[in-house]
1. Inspect region 170-184 for any residue being without any contact (Cβ under 8 Å) to a residue 24 or more places away in the chain, surrounded by fewer than 19 Cβ atoms within 10 Å (Cβ to Cβ) and closer than 24 Å to Asp121 by Cβ and give the result as yes or no.
2. Within region 18-35, count every residue that is among the charged types (D, E, K, R) and free of Cβ contacts under 8 Å to residues at least 40 places away in the same chain.
3. Of a type in the set (Asp, Glu) and surrounded by fewer than 20 Cβ atoms within 10 Å (Cβ to Cβ), is that true of Glu193?
4. Residue check: is Asp66 of a type in the set (Asp, Glu), touching a helix residue (DSSP H, G or I) at 6+ places or on another chain (Cβ under 9 Å) and at pLDDT below 95?
5. Being under 15 Å from Ile36 (Cβ atoms) and modelled with pLDDT under 95 is the filter here, so list the residues in region 94-106 that pass it.
6. Taking into account only those residues within region 218-268 that are charged (D, E, K, R) and surrounded by fewer than 19 Cβ atoms within 10 Å (Cβ to Cβ), which is farthest from Pro170 (Cα to Cα)?
Amino acid sequence: MAQHITVVDYDPAWPTRFAAERALLAPIFGDEALAIWHIGSTAVPGLAAKPIIDIMVVVRDMAAVDALAPQFAAVGYEYLGEFGLPGRHYLRKGGDERTHQIHIFGLESEAQIVRHLALRDYLRGHDTTAYAQLKRQLAQRFPYDIEGYCDGKDALVKELEQQALAWYDPIWLCLYLKARAVQRPRCIGSYVEAGQVAAALESDHGAIFCGVCLDTACSLGMCAERNAIGTMLTAGSSTVKRLVVVMSDGRLGLPCGACCELLLQLGAGAAELLLETEPVRTITISALLPQWWGERR
């Protein structure tokens with residue numbers, strides 16, 4: 001049976017449906033998932049859409065995720081492989097009358113990851129009236145023809161994507177994913193653990209450096225931020241432009257006082273620290289220690 005294409009008014013329950021599905025999927029992906037995002041039209045408040053929750057997952061190892069197909073099947077998903085888009089693995093729930101779709105990418109598919117998030121964020125902040133009207137017209141014209149529906153909006157979607165990519169700054173996404181990629185908690189010995197927290201920074205030369213925390217039994221460990229700074233200094237750079245710190249649960253964190261002190265002594269007071277990703281919100285390092293004793297640079 002062909003999919004019945006319907007476009008409905010925005011439903012405020014869509015983000016809640018995404019959150020519930022994310023909670024269902026996260027234990028299946030486990031440590032392989034670096035990020036799970038709500039994408040597509042149902043992720044844009046106020047935008048009319050097909051009532052299908054689109055989910056994008058960025059993973060460490062695509063091959064490892066393939067082995068999880070039986071677990072996805074157990075919660076109602078069909079695992080359909082690339083399904084027409086090289087580099088993506090696609091899953092759907094609900095068959096032809098699908099309710100959820102998962103798009104899985106590895107880090108090597110950065111362009112696809114950026115494309116999806118750029119378009120989503122661009123639509124969240126711009127007028128979507130013309131896009132919504134076109135989708136409603138196409139749904140009426142092609143109620144059982146998904147190819148006709150997609151072809152009809154292809155030109156406008158590509159135009160919106162180009163506008164979104166010109167508007168979107170992917171650096172924070174890049175830093176977050178690079179930090180997550182090295183974040184793998186592990187025991188190194190009886191007294192040493194590493195990888196619970198990760199950090200990624202961008203130097204003034206545009207280079208990116210990562211580090212993970214080192215925890216020891218005798219309090220001689222090191223924060224992820226300082227490990228990233230050490231790698232930067234070893235490479236010959238000394239100026240931090242942007243910094244991301246990721247905690248063990250994937251959420252963003254703040255540098256400790258010692259790391260803030262080191263950053264300020266390096267002259268990184270004006271460096272930005274990521275606080276939130278949706279939408280992006282930052283704070284300067286100087287704002288974390290407003291009464292710092294040293295010279296401001």
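The values are calculated or read from the model by the stated rules, or taken from the named source; none is laboratory data. Every value quoted in this text rests on a predicted model; they were computed, and no experiment measured them. Neighbour counts run over all protein chains shown; Cβ positions are idealised from the backbone, glycine included.
1. Kept after step one, since they are without any contact (Cβ under 8 Å) to a residue 24 or more places away in the chain, are these residues of region 170-184: none.
No, there is no match, as no residue in region 170-184 is without any contact (Cβ under 8 Å) to a residue 24 or more places away in the chain, surrounded by fewer than 19 Cβ atoms within 10 Å (Cβ to Cβ) and closer than 24 Å to Asp121 by Cβ.
2. First, pick out the residues of region 18-35 that are among the charged types (D, E, K, R): 21-22, 31-32.
Retained after the next criterion (residues that are free of Cβ contacts under 8 Å to residues at least 40 places away in the same chain): 22, 32.
Total meeting the criteria: 2.
3. Values: of a type in the set (Asp, Glu): yes; surrounded by fewer than 20 Cβ atoms within 10 Å (Cβ to Cβ): yes.
Criteria met by Glu193.
4. Values: of a type in the set (Asp, Glu): yes; touching a helix residue (DSSP H, G or I) at 6+ places or on another chain (Cβ under 9 Å): no; at pLDDT below 95: yes.
For Asp66, the condition - of a type in the set (Asp, Glu), touching a helix residue (DSSP H, G or I) at 6+ places or on another chain (Cβ under 9 Å) and at pLDDT below 95 - is not met.
5. From region 94-106, those under 15 Å from Ile36 (Cβ atoms) are 100-106; that's our starting set.
Within region 94-106, no residue meets the criteria.
6. First, the residues of region 218-268 that are charged (D, E, K, R): 225-226, 241-242, 249, 251, 261.
Pick out the ones that are also surrounded by fewer than 19 Cβ atoms within 10 Å (Cβ to Cβ) and you get 241, 249, 251, 261.
On the way: Lys241: 15, Asp249: 22, Arg251: 18, Glu261: 28 Å.
In this case the residue turns out to be Glu261.
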